[in-house]
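I'd like to ask you about the structure that follows.
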Amino acid sequence: MSTATATALTPELAAKVERLDALLAQIGERHAKVKFASSLAAEDMLLTHAILSKGASIGIFSLNTGRLHAETLGMIDRVRERYGYEIEQFHPQQDAVDQYVAEHGLNAFYDSVELRKSCCHIRKVEPLNRALADVGAWVTGQRREQSVTRAELHEEEQDDARGIAKYNPLADWTEADVWAYLEAFDVPVNPLHARGYPSIGCEPCTRAIRPGEDSRAGRWWWESRDTKECGLHITITPIPVAAESGAAH
């Protein structure tokens, strides 16, 4: 960390950054192969910068659902230009997409939670399963502060569905922490954030939020707040606090 950058951070955030860098390095060393799932939003650009600038042994991929904003897809180019790194993209199986559209319609996810989750499974969960088929662990940019469905998030968890470890190194970071980091390190960010989109998913399933709403209120806004997950982060067993604390040092 340069002197100028260190000066731009509060002592508390500087300590978090130092711990984050150490944790990412340790995760890369602990497992034979690790991948980071990036949505190309703010938290994930933070982790992209941390991984690539420090050389942690963690690959980066993104799920190209076929319905992302052009601004989100543009972040892949910006990562290539800034870091010289090509983010691996995983796409849904076209036959599954075609069958869903033929049976239910292109935007059937508005009709029921079940149809929305089915769409998410086809466009996100199944590609994620393929992306993680050859790894011993994966990393996400989830934070506890993001929503009620993530309030109990742990830094280290066991992904029971896939039989691998899962790490959420930003679990205790605040939104202010994230943006202070992005500014201090001049990290490229998705332009949708400046238009009121703190959480960014597929274009038809994401809207800008209103003042006072939580950061994920714009995701699947027509649903109850306690159903707002796409299925990527389920069947997870938290690692006990003692083990979790020890793992980070």
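Once amide H atoms are placed 1.01 Å from N in the peptide plane, what residues at a sequence separation of 5 or more from Ile60, or on another chain, have their amide H within under 5 Å of its amide H?
Residues meeting the criterion, in which the H sits 1.01 Å from N, are Phe36, Glu88.
Sort 36-43, 154-161, 109-116, 61-68 by the packing proxy (mean of other Cβ within 10 Å over each peptide's residues), most packed first.
Order by mean packing, descending: 36-43, 61-68, 154-161, 109-116.
When ranked by the protection proxy of mean other Cβ atoms within 10 Å per residue, highest first, what sequence do the peptides 175-182, 130-137 form?
In descending order of packing, they fall as 175-182, 130-137.
Return the long-range amide H neighbours of Ile164 (sequence gap of 5 or more, or a different chain), with a cut-off of under 5 Å between placed amide H atoms.
Sorted by chain and number, the residues that satisfy this are Asp159.
Tell me which lysines have Cα within less than 23 Å of Lys54's Cα, excluding those fewer than 8 residues away on the same chain?
Partners found: Lys16, Lys33, Lys35, Lys166.
Taking R0 as 25 Å, what's the FRET efficiency between Trp179 and Trp221 from their Cβ-Cβ distance, rounded to 0.05?
0.65
Quick one: 3J(HN,Hα) in Hz for the range 131-145, Karplus 6.51/-1.76/1.60 with θ = phi - 60°, rounded, Gly and Pro as x.
Running phi through 6.51 cos²θ - 1.76 cosθ + 1.60 with θ = phi - 60° gives 4, 9, 5, 10, 10, x, 6, 9, 10, 10, x, 5, 10, 4, 5 Hz.
Between Ala8 and Ala194, 0.36 nm times their residue separation minus their Cα-Cα distance comes to what?
So the extension gain works out to 64.8 nm.
Residue-wise, which Karplus ³J(HN,Hα) couplings in Hz belong to the range 199-210, taking 6.51 cos²θ - 1.76 cosθ + 1.60, θ = phi - 60°, and x for glycine or proline?
Residue by residue, the range 199-210 yields 10, 10, x, 5, 4, x, 10, 9, 10, 5, 8, 9 Hz.
To make sure I understand the rule: partners must be lysines, Cα under 19 Å from the Cα of Lys117, and not fewer than 8 residues away in the same chain. Which ones qualify?
Qualifying lysines at Cα under 19 Å: Lys228.
In whole angstrom, note down how far apart the Cα centers of the range 124-141 and the range 1-77 are.
Using only Cα atoms, the two centres lie 16 Å from each other.
Laboratory data are not the source of any read-out in this text; all were calculated from the coordinates shown. Quantities reported herein were computed from a predicted structural model and do not represent experimental measurements. Neighbour counts run over all protein chains shown; Cβ positions are idealised from the backbone, glycine included.
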